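Chemist: Below: one structure in structure tokens.
Since every read-out is calculated from the coordinates, none of them should be taken as a lab result. The structure presented is a predicted model; accordingly, all values stated were derived computationally and were not measured. Positions of Cβ are generated from backbone atoms using ideal geometry, with glycine treated the same way; all protein chains shown enter the neighbour counts.
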Amino acid sequence: MQERFSGRAMPIEEHELYRAVLEGLQTGVYVLDRDGRILLWNRGAEKLTGFLQYEVIGHSCQENILPHCDHHGCANCGGECPFAASLGHGSPRDFRIQLRHKRGHSVQVLMHSEPVFDGDGAAVATAQSFDPQRFATDSEPVQHSLAHVGLDPAAEVPNYSYARLQLQESLAAFVDYHLPFAVILIQVDHLSEFRAAYGRPAGDAILRVVAQTVRNSLHSGDFLGRWADDQFLVVLPNCSSVGVQLAADRLARLVSRPKVQWWGDEHSVTTSVGRALVQEADSIELLLQRAKPGGAAQAAASDMARAASTVTWPDARETFKG
């Protein structure tokens with residue numbers, strides 16, 4: 001391996017030292033040869049993806065080990081793989097993408113792809129390094145409140161009581177200080193039928209996949225909580241009708257068909273996503289009724305957002321980075 005990845009001969013002690021350093025990094029690092037076979041997979045890659053070395057070393061990335069998503073949606077590795085593009089062009093590339101964790105949820109990462117050359121200057125491999133890019137961080141006040149209110153045990157996000165409190169505070173701030181916000185409702189379709197077919201633990205696993213995928217895609221300051229047995233609530237501060245449409249559309253793509261490995265089989269469900277912007281005289285019930293996935297309110301909101309997108313909105317923001 002040392003002759004293949006370096007332009008000079010390397011003493012075995014130096015080679016082992018370099019490998020030990022790479023293996024121990026918390027940053028995810030892996031190396032692909034020209035055929036896409038994985039030659040190195042460090043502990044950071046294991047931690048960030050859930051795949052262990054013995055599961056990936058020697059396998060091709062085209063075996064759907066790390067399916068990824070960008071702003072166009074999700075795709076498997078293949079002819080359009082951005083990592084293969086780095087090898088083909090012989091130049092470094094940077095990407096912000098979503099990798100699918102072994103457990104099924106998406107993890108947003110910043111990926112750097114660097115071609116590796118032999119002594120004759122020919123590209124023989126690519127080295128990939130990646131770090132998580134999580135936008136939602138729990139501040140100390142939130143952690144303190146959650147200690148008293150609690151997390152939802154199935155989805156591992158703030159429970160209904162805390163989600164309702166968050167929504168009440170956002171409405172009060174809108175009334176008192178005219179601070180706009182928007183909500184997104186994510187519904188896991190036919191969850192009760194899924195549980196009946198595969199059991200409640202399998203249904204809880206689907207909920208965790210959806211919750212972690214959404215949580216990994218939010219900005220700091222955005223809120224995610226469990227709202228109903230089959231629903232999650234997202235609260236987006238300082239958001240316009242254009243901003244919430246962008247956020248809802250992107251989120252809908254990310255959680256369109258959440259998958260979970262259960263007793264050796266892969267199962268999936270569908271999800272529905274609705275959104276609404278706060279209005280004068282809104283109550284929690286009125287706001288969430290407009291945000292309910294499907295129906296006339298969502299169609300009207302889409303028409304309004306498309307019309308508004310032709311003008312400049314100073315408070316519009318792209319809630320999800322990609």
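Chemist: Over all alpha-carbon pairs of the stretch 210-299, lay out the pair-distance distribution in 10 Å bins, whole %, shortest bin first.
Modeler: Going out from 0 Å in 10 Å bins, the stretch 210-299 shows 14, 48, 29, 8, 2, 0 percent.
Chemist: Just want the ordering: Glu280, Glu193, from fewest to most Cβ atoms lying within 10 Å of their own Cβ.
Modeler: Lowest count first: Glu280, Glu193.
Chemist: Right, next: Taking neighbour Cβ counts within 10 Å as the exposure measure, how do Arg226, Arg215 sort from fewest upward?
Modeler: Neighbour counts put them in this order, fewest first: Arg215, Arg226.
Chemist: Given 5 Å bins starting at zero, what is the percent of C-alpha pairs of the stretch 140-308 in each, up to the one with the largest pair distance?
Modeler: The distribution over the stretch 140-308 is 1, 8, 18, 21, 20, 16, 9, 5, 2, 0, 0, given as percents.
Chemist: While we're looking at this one, here's another question. Using Cβ contacts closer than 10 Å as the measure, can you line up Tyr177, Tyr162, Tyr30 from fewest to most?
Modeler: By the 10 Å Cβ count, ascending, the order reads Tyr177, Tyr162, Tyr30.
Chemist: What is the magnitude of the charge dipole of the stretch 140-308 about its Cα centre, with +1 placed on the Cβ of each Lys and Arg, -1 on the Cβ of each Asp and Glu, and no other charges, expressed in debye to the nearest 20?
Modeler: My answer is approximately 360 debye.
Chemist: Order 163-176, 250-263 from most to least packed using the mean count of other Cβ atoms within 10 Å.
Modeler: With the highest mean Cβ count within 10 Å placed first, the list reads 250-263, 163-176.
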